Amino acid sequence: MAASLLSLLLVCFVSHINPSVSGRPSLPNAISFPVTKDETTLQYTTQIHMGTPHSPIKLVVDLGGQFLWIHRASSFVSSSHKPISSGSLHCLMASSHQSGTVTRVVATNTVCSLNPENTVTKLATSGELAEDVMAVDYVEKRKMGAIPTVHPFLFSCAPSVLTKGLASGAKGMLGLGRTKISLPAQLANALGLERKFSLCLSSSDGVILPGGGGTDISKSLMYTPLMSTPLEEYYIHVKSIKINSKRLSLNKSLFSTRISTILPYTTMESTIYDTLAKDYIKAATFMNITVVAPVAPFGVCFSSEGIEKTPVGPAVPVIDLVLQSEMVKWRIHGRNSMVQVSDSVMCLGFLDGGLSPVASISIGGYQLEENLLEFNLATSMLGFSSSLLMRHRRCCSSLTLSESL
């Protein structure tokens with residue numbers, strides 16, 4: 001088991017163009033959780049090892065999720081599994097967010113109960129708080145074969161109905177949100193890590209790095225404040241949107257923007273989306289890109305025939321999300337803006353979110369791919385790289401560097 005676990009947990013941010021040009025990046029001294037993308041559901045999944053003996057569990061990654069929950073019947077036989085009693089310190093810790101607002105936790109009989117939610121289907125139900133052992137792995141300790149454990153690790157047991165709509169084989173969801181019992185918070189407390197984590201998604205293999213990871217790329221990130229909200233999710237402010245450096249004419253000057261690993265594509269409030277779509281078509285037409293009939297679920301599509309291919313995707317209009325100043329921009333190139341739906345058609349990977357969405361803008365998984373994000377919970381700042389492809393790099397978690405180069 002140790003060999004199979006360790007083979008999964010080496011992280012790299014590597015050159016995929018020419019190793020002699022970009023060089024070998026330094027390996028982080030970090031804990032890592034490999035992330036893969038499910039082709040059917042477009043959900044991002046990871047695998048953890050819990051219990052005594054350690055058992056692998058596949059989970060859907062939920063950036064804004066409150067905690068880890070697992071299908072109750074899939075709770076493997078573990079000698080270290082233990083329910084949490086009501087009134088205990090662990091139950092009290094689960095009962096409040098870091099902002100101090102109370103969650104949906106109640107005490108029934110002697111067991112601490114809370115409500116896990118499937119954020120894909122929006123179904124929530126009652127579950128029981130429990131503790132067990134989680135196995136983690138430091139990159140620097142791989143040579144010694146050491147597998148540190150976190151005990152107790154708190155999670156919720158949930159009924160099987162909650163797993164409907166999840167990727168095949170997934171037994172629950174891994175919450176990375178701003179709560180005291182999310183994965184980053186528990187690992188930071190148990191292992192003395194910094195109160196931050198990095199996320200790098202990919203269409204193939206990505207990674208979660210609790211503690212930040214200390215990658216060389218993280219030294220050159222741009223930063224923007226995380227909004228202070230009563231929610232456990234991660235929000236930032238977007239001041240304006242530009243297409244090929246031309247600012248969209250929008251009624252508002254500040255947009256609450258959620259970052260989500262559950263939504264496959266970025267969604268926007270209807271008036272924002274309509275303006276973006278109209279101006280994007282104008283910019284694309286100016287570049288001699290042909291508009292074609294839309295392909296569901298997308299509202300704007302183009303012919304991809306004859307479009308130049310670049311290291312950052314097709315040569316199409318560039319979208320900038322302007323943050324706290326004109327100098328701080330999240331730039332979206334063709335790799336993250338265009339979805340290839342057939343051999344000859346590509347579509348703008350932004351969707352109409354209706355008139356009353358949860359947030360004005362919700363940045364979805366496709367737009368996050370090949371971007372390194374660092375969520376610093378201590379300073380309430382988000383670090384972001386924009387596309388790593390601009391640096392001839394990509395997100396990956398692989399067995400060896402040489403296999404990825």
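Below is a table of values for the structure above.
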| quantity | calculated |
| --- | --- |
| Unique residue being open to solvent by 40 Å² or more (accessible area, probe 1.4 Å), under 30 Å from residue 130 (Cα atoms), touching a residue at least 60 places away in the same chain (Cβ under 8 Å) and out of contact with any Lys or Arg (no Cβ under 6 Å at 6 or more places or on another chain) when the list is 178, 195 | 195 |
| In the range 329-358, the residues that are among the basic types (Lys, Arg) and outside any helix (DSSP H, G or I) | 329, 331 |
| Unique residue being surrounded by fewer than 22 Cβ atoms within 10 Å (Cβ to Cβ), at pLDDT 95 or above and either polar (S, T, N, Q) or more than 17 Å from the chain's Cα centre (by Cα) (or both) when the list is 400, 379 | 379 |
| Qualifying position, being modelled with pLDDT under 95 and in contact with a strand residue (DSSP E or B) (Cβ under 9 Å, 6 or more places away or on another chain), among 253, 270, 260 | 253 |
| Test: residue 99 is within 30 Å of residue 373 (Cα to Cα), among the hydroxyl-bearing types (Ser, Thr, Tyr), in contact with a strand residue (DSSP E or B) (Cβ under 9 Å, 6 or more places away or on another chain) and at pLDDT below 80 | no |
| Restricting the range 125-153 to residues that are over 17 Å from residue 209 (Cα atoms) and open to solvent by less than 30 Å² (accessible area, probe 1.4 Å), the residue that is modelled with the lowest pLDDT | 127 |
| Tally of residues being outside any loop (DSSP other than H, G, I, E, B) and either closer than 21 Å to residue 182 by Cα or free of Cβ contacts under 8 Å to residues at least 24 places away in the same chain (or both) across the range 369-384 | 8 |
| Counted residues, the range 28-60 - those being more than 19 Å from residue 119 (Cα to Cα), surrounded by fewer than 21 Cβ atoms within 10 Å (Cβ to Cβ) and among the aliphatic types (A, V, I, L, M) | 0 |
| Answer residue from the range 198-217, given it is among the small types (Gly, Ala, Ser) and buried (at least 19 other Cβ atoms within 10 Å of the Cβ) and is nearest to residue 369 (Cα to Cα) among those | 202 |
| Hey, residue 104 modelled with pLDDT under 90 and in contact with a Cys (Cβ under 6 Å, 6 or more places away or on another chain) or not | no |
| Any pair with Cβ under 8 angstrom, 6 or more apart, that starts in the range 33-62 at a residue that is farther than 23 Å from residue 211 by Cα and ends at one that is of a type in the set (Phe, Trp, Tyr) and modelled with pLDDT of 95 or more | 38/44; 42/366 |
| Criterion: assigned to a helix (DSSP H, G or I) and within 28 Å of residue 62 (Cα to Cα) - qualifying residue of 262, 272, 281 | 272 |
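The values are calculated or read from the model by the stated rules, or taken from the named source; none is laboratory data. Since the model is a prediction, treat every value here as computed from it, not as a measurement. Here the Cβ is made from the backbone with ideal geometry for all residues, glycine too, and neighbour counts use every protein chain on show. Areas reflect the complete protein model, heavy atoms only, side chains present, ligands, DNA and RNA absent. Shrake-Rupley method; radii C 1.70, N 1.55, O 1.52, S 1.80 Å.
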